[in-house]
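The values are calculated or read from the model by the stated rules, or taken from the named source; none is laboratory data. Quick caveat: nothing in here was measured; it's all calculated off a predicted structure. Backbone-built Cβ (ideal geometry, glycine too); neighbour counts: all protein chains shown.
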Ligand SMILES: [Zn+2]
């Protein structure tokens, strides 16, 4: 880790803590007309609000950024860039749409552009990981925006720079049926290929230190860090099975993993329904195939493009899911430790769901459910000690009939609840404690089911590969 990235990590941790925990302490100051607000350069934008990530982020409004709101093409001569010129090859001028929601009132509210953060928190529950097969973010944007008429919220370049191209309120076109409920990221990487394919040999050479990626297209490829040499985090290509195919792939760079960990920690903190986990089988191992409809509908958390679509294999066999998830959990656990709030203060430790009234077919009186996550394996291992006692007002998932393994993911809990009634534990679930933060009206039987997962997206857009 470079000195700069350590500094960013420390700054980010402090910033996330300050920004999301200690609100309410400072007395608001009267704004000074024309006063400029400082940015640190690590902020992402969600519903027009800025959140720190602790790692360099270039917004679409920044110099050198990539703007998916524009209708003209970015990397062609200016006289060929306008929409009326590119309309022969692109279906619509826009590369994004409105997140589809089942509630007509909510849709009417947001179609003009205005999502509240609270509304968006009730809809976003998946973070789809892609590799771009382009090698650099600049090439990725060229392919997505100029050639295919698609978009993605984030691009992660080989040097760890994150580019945000759209506000997260937008429905980026990157993963077909997942677009309405997800955030997407394209990670710069050449991709995965069958053993014996010459592509990796073509793009990865060796010098005295080890393997290094050749920048596709030559030059610096638009990589922000001058002279950056992209080296895979693991020196040998990683072989693995995705969708039943054996594939080989060179790993991401350490800078990419570090940035992705920071971003994952921030997103899972900002979006309470987005579990910091990946799709697991009954033994807790990564599922390496497309999820079936039930699994996909019920899943909330990080997932690969291949979990969404049968015809995709990204982010490939080299993508180190545990490194990302464990890293993000450790970061969030550190943030919790630094918090001035009580350890089991409910909101400080737990993950809160938005009020049920945000969900179609449910009313406010059904209350708000909350699930407490265990942010790291180490902490989970010690959970049978004194910490295993539920915080005040909470009960263990087992006591609530949700199964001993029932997880922080809403769908997991729902599935766990169903399964526990049949006498078996939830699958791949990780939470220990559940609580409802509003009392059940008198005379009403306590429910053991958490609220439904976010509304299932219904296509309202076109049908290009990643767009419906
Ligand atoms: Zn993809």
### Task
Considering (1) in contact (Cβ under 8 Å) with a residue 24 or more places away in the chain; (2) away from the ligand (no atom under 16 Å from the Cβ), say which one residue 190 fails and leave the rest.
(2)
### Query
Condition test on residue 175, is it closer than 15 Å to residue 259 by Cβ and within 16 Å of the ligand (Cβ to nearest atom)?
no
### Message
Being in contact with a strand residue (DSSP E or B) (Cβ under 7 Å, 6 or more places away or on another chain) and part of a helix (DSSP H, G or I): is that true of residue 141 here?
### Response
yes
### Task
Kindly provide the set of residues from the stretch 276-285 that are surrounded by 18 or more Cβ atoms within 10 Å (Cβ to Cβ) and farther than 14 Å from residue 129 by Cα, ordered by number.
280
### Task
Scan the stretch 243-270 for residues that are assigned to a loop (DSSP other than H, G, I, E, B) and buried (at least 24 other Cβ atoms within 10 Å of the Cβ) and jot them down.
250, 252, 253
### Message
Cβ-Cβ distance below 7 Å, separation of 6 or more or different chains: which pairs start in the stretch 303-319 with a residue that is without any contact (Cβ under 8 Å) to a residue 60 or more places away in the chain and under 14 Å from residue 279 (Cα atoms) and end on one that is outside any helix (DSSP H, G or I) and within 11 Å of the ligand (Cβ to nearest atom)?
### Response
none
### Query
Which pairs have Cβ atoms under 6 Å, sit 6 or more apart or on different chains, and link a residue in the stretch 131-143 that is closer than 10 Å to residue 74 by Cα to one that is assigned to a helix (DSSP H, G or I) and more than 15 Å from the ligand (Cβ to nearest atom)?
none
### Task
Could you check how many residues of the stretch 125-140 are crowded, with 24+ Cβ neighbours inside 10 Å and either within 11 Å of the ligand (Cβ to nearest atom) or within 19 Å of the chain's Cα centre (by Cα) (or both)?
9
### Message
Against the definition (surrounded by fewer than 19 Cβ atoms within 10 Å (Cβ to Cβ), modelled with pLDDT of 95 or more and either touching a helix residue (DSSP H, G or I) at 6+ places or on another chain (Cβ under 9 Å) or not in a loop (DSSP other than H, G, I, E, B) (or both)), how does residue 67 come out, yes or no?
### Response
yes
### Query
What number of residues within the stretch 144-164 satisfy the criterion of being in contact with a strand residue (DSSP E or B) (Cβ under 7 Å, 6 or more places away or on another chain) and within 15 Å of the ligand (Cβ to nearest atom)?
6
### Query
Quick one: in the stretch 291-310, which of the residues that are closer than 17 Å to residue 184 by Cα and within 14 Å of the ligand (Cβ to nearest atom) is nearest to the chain's Cα centre (by Cα)?
302
### Query
Can we say residue 183 is within 14 Å of the ligand (Cβ to nearest atom) and in contact with a helix residue (DSSP H, G or I) (Cβ under 8 Å, 6 or more places away or on another chain)?
yes
